[in-house]
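Chemist: Dropping the structure in here first, questions after.
The values are calculated or read from the model by the stated rules, or taken from the named source; none is laboratory data. Remember, it's a predicted structure, so these values are computed and weren't measured experimentally. Methodologically, a virtual Cβ is constructed for each residue, glycine included, from the backbone with ideal geometry; neighbour enumeration extends over all protein chains shown. Remember, those area values only see protein heavy atoms, side chains included, never the ligands or the DNA or RNA. Shrake-Rupley method; radii C 1.70, N 1.55, O 1.52, S 1.80 Å.
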Amino acid sequence: MLEATLEDLQARALERIRGARSMEELEAARVEALGRKGALGHISKELGKLPPEERARVGRLLNAVKQCLEESFEARRKEFEEEALRRRLEAEWLDLTLPAPEPKRGHFHPVTQVQAEIEDLFTSLGFTVLDGPEVETEYHNFDALNIPPDHPARDVQDTFWLTDGNLLRTHTSPVQIRGMERFKPPLRMIAPGRVFRNEEVDASHEHTFYQVEGMMVDREVSVAHLIYFMKLMVNAIFRREVAVRLRPGYFPFVEPGFELDMQCLLCEGAGCPACKHSGWVEMIGCGLVHPNVLRMSGIDPEEWMGFAFGLGLTRLVMMRFGIDDIRYLQSGDLRFLHQF
Ligand code: FA5
C-alpha cells in the first residue's frame with residue numbers, strides 16, 4: 001500500500017520537476033515533496049507502524065525515492081542556473097576586438113593653426129621666425145620706424161601707453177628693428193605676434209589681434225619680389241588663386257608703400273559686414289623699406305635694400321574659415337572653437 005503511494009509520489013514529483021518553468025516553481029515542488037512537512041516526511045512517519053520486515057523494505061524504497069528526487073531536483077536546478085548564466089553572458093557580451101572610442105582631444109586655436117602654416121611656408125623659403133616683446137619701447141614701436149614724436153601717423157594707431165613710458169606694441173613692425181639690430185644683412189625674417197590698439201571694436205576690428213611681420217633685406221630687392229611673396233602666401237593659405245589688389249598706402253617706414261586687399265571670401269565680393277560692404281578686405285600693409293629705417297638700424301641704404309610687410313593674421317583666419325565676426329576668435333567660447 002505504502003509502496004504504491006511512494007511510487008505514485010515519485011512519479012508526480014518527477015512530473016513537476018520536468019514541468020517547472022522557474023527556480024521558484026522548482027523550489028515549491030521540492031518543499032512539497034522533500035521539505036520537513038512534505039509528502040516523504042509524512043510517509044516516513046507512517047513507517048514506524050509497519051511490521052519489521054515490511055518496514056525494512058519500504059524504508060529502502062523510501063530512501064531510493066528520496067535520493068532519486070534529490071538528484072532530479074539538483075539536475076534541474078543546475079539547468080536553470082546554466083540557462084541564467086547563458087542569458088547573462090549573451091546580454092553582457094563585449095566585442096573586445098572593437099576599436100576603443102576616440103578620446104576627446106584638444107586642438108590648436110584657429111589663429112595658431114594658420115600661423116603655423118605661414119611659419120612652415122616662410123621657413124621653407126629661407127626666412128627665420130623671430131619673436132619680440134609685447135611691451136615695447138617707444139623707440140622700437142615708433143621712432144626707429146621713421147615715426148617721430150609729432151608725426152600724425154602715431155594717431156592712426158591708437159596706443160595703449162603704460163605709466164613707465166613704454167607701450168603695448170601697436171604692430172609687429174618693431175620686430176623688424178630688433179631683427180636688423182641682431183642680424184647682419186642679407187636677412188629674411190618673419191615675426192608673428194599679438195598686437196594691441198585702443199580702438200572701437202566691430203565685426204572686423206579688435207583691440208587685440210594678430211599680425212605677421214615679414215622682411216627681406218638684400219642687395220637687389222624690388223616691388224616684384226614683394227608681390228611674389230605676398231601672392232605665394234595668400235594662395236598657399238587658401239590653396240587656390242585668390243583675387244588681390246594693390247593700392248598705394250602710406251606708412252612712414254616704407255617708400256613706396258602699399259595696401260594689399262583680398263577679395264572678401266565670405267561674400268565672394270558682393271559685400272557683407274565683415275568687409276564693410278566693400279567686397280574687399282584690407283589684409284596687408286607693405287612696401288620697400290625706407291632708407292631712414294635701414295640707416296637707423298645700422299644698415300647702409302646705399303648698399304642694401306629691402307621689402308617689409310605686416311599681415312593682418314586675424315583677418316586672414318576669418319577669411320580662411322569663413323568667420324564673419326572677428327569677436328568670436330577671442331570670445332573663449334568652446335562651442336565656437338570646437339568647429340575648427
Ligand atoms: C600696420 O600695422 C603696419 N605695421 C603694416 C606694415 C608693415 C606696412 C611693414 C608696411 C611695412 P595696418 O595698421 O594697416 O599696418 O595693419 C596691418 C593689417 O592689420 C591690416 O591690413 C589689417 O589686416 C590688420 N588690422 C589692422 N587693424 C586691425 C584691427 N583693429 N583688428 C584686426 N585686424 C586689424
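Chemist: Mind checking Rg over Rh on the chain, alpha carbons, Kirkwood formula for Rh?
Modeler: Numbers: Rg = 44.8 Å, Rh = 26.8 Å.
Looking at the chain, the ratio lands at 1.67.
Chemist: Can I ask one more? How big is the charge dipole of segment 1-71 about its Cα centre, in debye rounded to the nearest 20, if each Lys and Arg gets +1 on its Cβ and each Asp and Glu gets -1 on its Cβ?
Modeler: Working: 13 positive and 13 negative charges, 40 e Å.
With Lys and Arg at +1 and Asp and Glu at -1, about 200 debye.
Chemist: Would you work out what percent of the accessible area of the chain, with all protein chains in place, is carbon or sulfur (probe 1.4 Å)?
Modeler: Values: 10280 of 19270 Å².
Exposed carbon and sulfur together represent 53 percent of the surface.
Chemist: Could you work out how much longer the chain between ARG36 and ILE227 gets when fully extended? Use 0.36 nm per residue separation minus the Cα distance between them, nm to one decimal.
Modeler: Values: separation 191, 0.36 × 191 = 68.76 nm, distance 10.45 nm.
Fully extending the segment from ARG36 to ILE227 adds 58.3 nm.
Chemist: Roughly what % antiparallel, to the nearest 5, for the DSSP beta bridges in segment 110-337? Kindly include the intermediate steps, with their values, before the conclusion.
Modeler: Numbers: 40 of 42 bridges.
Here the antiparallel bridges make up roughly 95 percent for segment 110-337.
Chemist: Sticking with this structure for a sec: Output the lone cysteines of the chain: those with no second cysteine's C-beta under 4.7 Å from their C-beta.
Modeler: That list is CYS68, CYS286.
Chemist: At 222 nm, what value in deg cm²/dmol follows for the chain if DSSP H runs of at least 4 each add -39500 (n - 2.57) and the sum is divided by all its residues, to the nearest 500? Could the numbers behind the result be given before it?
Modeler: Numbers: 12 runs with 146 residues, N = 340.
Helices in the chain give a 222 nm mean residue ellipticity of -13500 deg cm²/dmol.
Chemist: Please give the peptides 82-89, 250-257, 186-193, 235-242 ranked by average Cβ packing (other Cβ atoms within 10 Å per residue), highest first, as a rough proxy for protection.
Modeler: Working: 82-89: 10.1, 250-257: 18.9, 186-193: 21.1, 235-242: 12.8.
Order by mean packing, descending: 186-193, 250-257, 235-242, 82-89.
Chemist: Taking amide hydrogens as modeled 1.01 Å from N in the peptide plane, which residues meet the under 5 Å criterion relative to PHE160, leaving out close sequence neighbours?
Modeler: Amide H to amide H, under 5 Å and 5 or more residues apart or across chains, PHE160 pairs with LEU168, ASN198.
Chemist: Across the chain, how many lysine pairs, 8 or more positions apart or on different chains, have C-alpha atoms separated by under 23 Å? Please give the number.
Modeler: Numbers: LYS37/LYS45; LYS37/LYS49; LYS37/LYS66; LYS45/LYS66; LYS49/LYS66; LYS66/LYS78.
Value for the chain: 6.
Chemist: Still on this structure, I have one more. If amide hydrogens are placed 1.01 Å from N in the peptide plane, which non-local residues have theirs closer than 5 Å to the one on GLY287?
Modeler: The list, which skips near neighbours in sequence, is PHE258, ALA308.
Chemist: With charges set only on the Cβ (+1 for Lys and Arg, -1 for Asp and Glu), what does the dipole of segment 50-172 come to about its Cα centre, in debye to the nearest 20? Before the final figure, lay out each step's value.
Modeler: Details: 14 positive and 25 negative charges, 331 e Å.
Computed about the Cα centre, the dipole is about 1580 debye.
Chemist: When the Kirkwood radius is taken over all Cα pairs of segment 44-118, what Stokes-Einstein diffusion coefficient follows at 20 °C and 1.002 mPa s, in µm²/s?
Modeler: Values: Rh = 19.7 Å.
Result for D is 109 µm²/s.
Chemist: Here is a further query. Using 7 Å Cα-to-Cβ label points, what is the GLU134/LYS45 separation (nm, one decimal)?
Modeler: Between GLU134 and LYS45, the label points sit 9.5 nm apart.
Chemist: Determine which residues of segment 2-36 fall in the zone a paramagnetic label at ALA84 would reach in this model, i.e. backbone nitrogen under 13 Å from the point 7 Å along Cα→Cβ.
Modeler: Counting backbone N atoms under 13 Å from the label point, the list is 22-27.
Chemist: Still on this structure, please answer the following. Determine the per residue accessible area of the chain with all protein chains present and a 1.4 angstrom probe, expressed in square angstrom.
Modeler: Per-residue value: 57 Å².
Chemist: Which whole-number percent gives the relative contact order of the chain, counting Cα pairs below 8 Å spaced six or more residues apart?
Modeler: 14
Chemist: Right, another one. Would you please put 314-325, 198-209 in order of how densely packed they are, using the mean number of other Cβ atoms within 10 angstrom per residue and starting with the highest? Mind dumping the intermediate values first?
Modeler: Numbers: 314-325: 19.6, 198-209: 15.1.
Those peptides, ordered most packed to least, come out 314-325, 198-209.
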